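To start, the structure itself, in C-alpha cells.
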Amino acid sequence: MSWTDAHCHLQDIFLADDPSTKTVLATLERAHARGVGRVVVVGTDALTSAQALALTELESPVEVYATVGLHPHDASQDVAPVLALARAGHPRLVAIGECGFDYFYEHSPRSAQRAAFAAQIALAHELDLALVAHVRDAFDDLYDVAASEGVPERAVIHCFTGTPAEAERCLEMGFDISISGIVTFKNAESLREAARLVPLTRLHVETDSPFLAPVPFRGKTNEPAFVSVVGEFVAQLREEEVATLEAATSANSARLFNLAPQ
C-alpha cells in the first residue's frame, strides 16, 4: 500500500512562481520517494481542468488522475466550457470539482456560486463521477444546495476546515471528509476534533499543494510528497497505526474515485 494525495494542483499556472517545483515530473518523483502511489490533480476552471487531464498522460512513477471543475472563486465565469470538457470524457477523469462555496473571500457573487455548484452536482450525477466540494464559511448553503440537488453517491468535502458538528452533518448527508495540512497548524484544534470523529472508512488525506504546507514545512511550497506528513499526523491524532491509516485512506480514495485497488 502507498499514500494517495486526494487533492493537489500541479498545473503550471499554480507552480510558475516557484522554479523549484515547476517541473512536475521531479515533484512526482519526490512524492514517489516518500511513499506516494497516486495523486488526484484538481481543476478549478476550464484551463486548469484541461491541464489536469494532460498531466495524467505523463510517464510517472506515481499514478496521476484528474478532475474537471469550476472553483467558487471563478463561479462568475461561464460554467459551460467545464461541463463540455467533462462530457468529452477522458480515461483518467475521476471527479467533478472542485466546486462549491467560499464566503471567506467571496470572489464571485453568492448567487453565481450557487448556480455553478448546482450545475456541477447535476453533472456528477449525469456522468456518475465523484463530486469534490469546496466549502468555507458557507456550510448552511452547502447543506441547502446539496439537499435540493442530491448528493452524488460518491462525494467529498476537500480540505475540510469546519467544526465537529459540521463534519457530522456532512457525513450524514453522504460526503466523505478529506484532511489537509491545516490539521497540523497550531490554531486548528476544532479541526483536529473533527478529524478524530470521522469514521476511518470515510477519511481521506490531501495536500492541496502548492498551498497549505503542513508543519514543519509551513511557509514553503507544498507538494504531494508531504501527504505522508499529513497522514502521519492524523494517525497520531487518532491513535492509529500509520500503516492502518495509510491503507484505509488510500482504499477510501480508490472507492471515491472509482479506481482499481492498489
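The values are calculated or read from the model by the stated rules, or taken from the named source; none is laboratory data. Note that the coordinates shown come from a computational prediction; the quantities given were computed from them, not determined experimentally. We place every Cβ from the backbone using ideal geometry, glycine too, and count neighbours over all the protein chains shown.
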Identify, please: which residue in the stretch 2-12 is touching a Ser or Thr at 6+ places or on another chain (Cβ under 6 Å) and among the hydrophobic types (A, V, I, L, M, F, W, C) and is, among those, surrounded by the most Cβ atoms within 10 Å (Cβ to Cβ)?
Ala6
Take the stretch 84-117 and flag every residue that is aliphatic (A, V, I, L, M) and closer than 23 Å to Val40 by Cβ.
Ala84, Leu85, Ala86, Ala88, Leu93, Val94, Ala95, Ile96, Ala116
Scanning the stretch 237-252 for residues that are over 15 Å from Pro199 (Cβ atoms) and β-branched (Val, Ile, Thr) gives Val242
Single residue of Thr249, Thr244 found to be among the β-branched types (Val, Ile, Thr), over 24 Å from Val24 (Cβ atoms), modelled with pLDDT of 95 or more and outside any strand (DSSP E or B):
Thr244
Tell me yes or no: at least one residue of the stretch 125-133 is in contact (Cβ under 8 Å) with a residue 40 or more places away in the chain, surrounded by fewer than 19 Cβ atoms within 10 Å (Cβ to Cβ) and either assigned to a strand (DSSP E or B) or over 18 Å from the mean Cα position of the chain (by Cα) (or both).
yes
Hits in the stretch 169-182 - residues which are of a type in the set (A, V, I, L, M, F, W, C), crowded, with 23+ Cβ neighbours inside 10 Å and outside any strand (DSSP E or B):
Cys170, Phe175
The residue that is nearest to Phe257 (Cα to Cα), considering only those in the stretch 134-161 that are in a helix (DSSP H, G or I) and not aliphatic (A, V, I, L, M), is Glu149
